[in-house]
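S.K.: Got a structure for you, written out below as C-alpha cells; questions coming shortly.
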Amino acid sequence: MIEKYVGKGNSKYKIFISNRIIPSIELNKYIDKTSKVLIITDSGIPKKYIKTLKDQIKNSKVYLHTIPQGEASKSFKIYQEIIKKLVKLKFSRTDMIVAFGGGVVGDISGFAASSYLRGIDYIQIPTTLLSQVDSSVGGKTAINISEGKNLVGAFYNPKVVFISTRFLKTLSEKEYKSGLGEVLKYSLIDNEKLRALLQSNTKKVLNRDNKILLKIIEESIKTKSKIVTKDEKEEGIRAILNFGHTFGHAIEAHTNYKKISHGAAITLGMIIASKISLYEGCIKDYQLDNIINLIDSLDLDSNYSKYKFSDLKKYIFNDKKVADGKLNLILIDKKFKAFKTNQFDQNNIKKAFI
Ligand SMILES: NC(=O)c1ccc[n+]([C@@H]2O[C@H](COP(=O)([O-])OP(=O)(O)OC[C@H]3O[C@@H](n4cnc5c(N)ncnc54)[C@H](O)[C@@H]3O)[C@@H](O)[C@H]2O)c1
Ligand SMILES: [Zn+2]
C-alpha cells in the first residue's frame, strides 16, 4: 500500500493507494469514534462494491444514500435532499459522510460535509480514474447551478482518501479514457517520470494492469498534490493544472457537455495548447510529435479537425480567463514544465486550429 500526504497544517490528509478493494483496518481507524456514517454513492456504482464497503465498517451505524448517476445530480435539489437526510437521521458534528463514487459523488458529498452544521468530517473513496487522480486531491467541493458549473462550493479537505485500482476494472472505456486524459496532463506539465512510464507501458495502461495503475496514480497524485499544497486557494501556480482546459472547456461547451468526455476534450485541448507552445518557440517540432504519438498510442483521440476556431472562439475568450483584455493561457516549455502567460501572439490560437 502506498501512502501520500496532501495539504498542510490542520487540513493535511492522507491518501492510501492500493489494489485492495477496501483496506478495512485503516478505514476503521478513521471511522472508529463515529457513531453514524452516511455513505453517499450513485446508481452506476456496482452494488457488490457497496456491499463490501458496508460490511467493512465495524463499529458505526451505516446509512446509504444513492443519487442518480450523472452530472445532473450535482444539483441544488440533490444537495438539499442530502442535507434533509442528515437532519432526519440526526447526524451530529461527530458523525461522518463517506463519498463513494466518481467526481460527481465526491464534489456534492464534500460540499454537503463542508456546510452541514458548518462542517462535518468526510472520507473520499473515489471509484473512477478521474476522481482518483484529480477530484479527490485538492479539497475543492461544488455543485452546479443553472448559471454555471461548480459555481457554488467550498475548499474543504476530506479526513482521508482511499484509492483502489480494483474499482477501475468495471469502469467503462469512455470513463477510463477520460481519467487517462488527466493523467496525460500531469505528464506534460511537470512529471517526467510519469511521461516515461506512460511511454514505455502503453499496452499495460490500456489493459488496466494493476501494477502500472498504482504507479501512474501515485505519480499523478504527487504532481497534483505538490501544486495544490503550494497554492491551496488557487491564487497562482495552481493555474497550470488547467493546461489544455481553455480549449477543452470550449469543446465541451460547444457540444453541450454531451458528446465528449471531459478527459477526451482536454486531450484535444492539450494538443492545441502544445501547438501554440510550438509556434511561440517554447517546444520543438519533435516534441509536439512525441505528444501526439503518446496520445495515439494510449488510444486517445487526437483528431480535433471537427472543431472550428470560429465555433469555439466565444468560449475561449470568455470573461474568466481574460484579464485586462488579454487571454491567459497555460503553455509548456522544452522541459515539459507548464507556465501561465498572456504574452503570446493571439494569431497563433487561430493557427493552431488549422
Ligand atoms: N473537485 C475537483 O477538484 C474536481 C476535479 C475534477 C473534476 N471534478 C468533477 O468531477 C466530476 C466528474 O467526475 P467523474 O469523471 O468521476 O464522473 P462521474 O462521477 O459522473 O462518474 C462517471 C460514471 O462512472 C460510473 N462509475 C463510477 N465508478 C465506477 C466503477 N468503479 N465502475 C463502474 N462505473 C463506475 C458512475 O456511476 C458514473 O455514471 C465533474 O462534476 C467535475 O466537475 C472535480
Ligand atoms: Zn480537468
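S.K.: Within the range 207-214, is even one residue in contact with a helix residue (DSSP H, G or I) (Cβ under 9 Å, 6 or more places away or on another chain), part of a loop (DSSP other than H, G, I, E, B) and within 16 Å of ligand 2 (Cβ to nearest atom)?
M.R.: Checked against the condition, which is being in contact with a helix residue (DSSP H, G or I) (Cβ under 9 Å, 6 or more places away or on another chain), part of a loop (DSSP other than H, G, I, E, B) and within 16 Å of ligand 2 (Cβ to nearest atom), the range 207-214 yields no hits at all.
S.K.: Looking at (1) touching a Leu at 6+ places or on another chain (Cβ under 8 Å); (2) surrounded by 13 or more Cβ atoms within 10 Å (Cβ to Cβ), which one does K337 not meet, given that it meets all the others?
M.R.: All conditions pass for K337, except number (1).
S.K.: Filter the range 167-180 down to the residues that are surrounded by fewer than 17 Cβ atoms within 10 Å (Cβ to Cβ) and part of a helix (DSSP H, G or I) and list them by number.
M.R.: Passing the criteria: K169, T170, E173, K174.
S.K.: Tell me, which residue of the range 104-144 that is farther than 24 Å from K54 by Cβ and part of a loop (DSSP other than H, G, I, E, B) is nearest to the chain's Cα centre (by Cα)?
M.R.: V137
S.K.: Determine whether the range 125-138 contains at least one residue that is acidic (D, E), buried (at least 24 other Cβ atoms within 10 Å of the Cβ) and on the phi < 0 side of the Ramachandran plot.
M.R.: Yes, that holds for at least one residue.
S.K.: Okay, next question. I'd like to check something: does the range 146-166 contain any residue that is at pLDDT below 95, surrounded by fewer than 24 Cβ atoms within 10 Å (Cβ to Cβ) and charged (D, E, K, R)?
M.R.: Yes, some residue in the range 146-166 is at pLDDT below 95, surrounded by fewer than 24 Cβ atoms within 10 Å (Cβ to Cβ) and charged (D, E, K, R).
S.K.: Right, next: Within the range 145-165, how many residues turn out to be assigned to a strand (DSSP E or B) and out of contact with any helix residue (DSSP H, G or I) (no Cβ under 7 Å at 6 or more places or on another chain)?
M.R.: So the count comes out to 8.
The values are calculated or read from the model by the stated rules, or taken from the named source; none is laboratory data. Computed from a predicted model, the values in this text were never measured in an experiment. Every residue, glycine among them, receives a Cβ derived from its backbone with ideal geometry; neighbour counts consider all protein chains shown.
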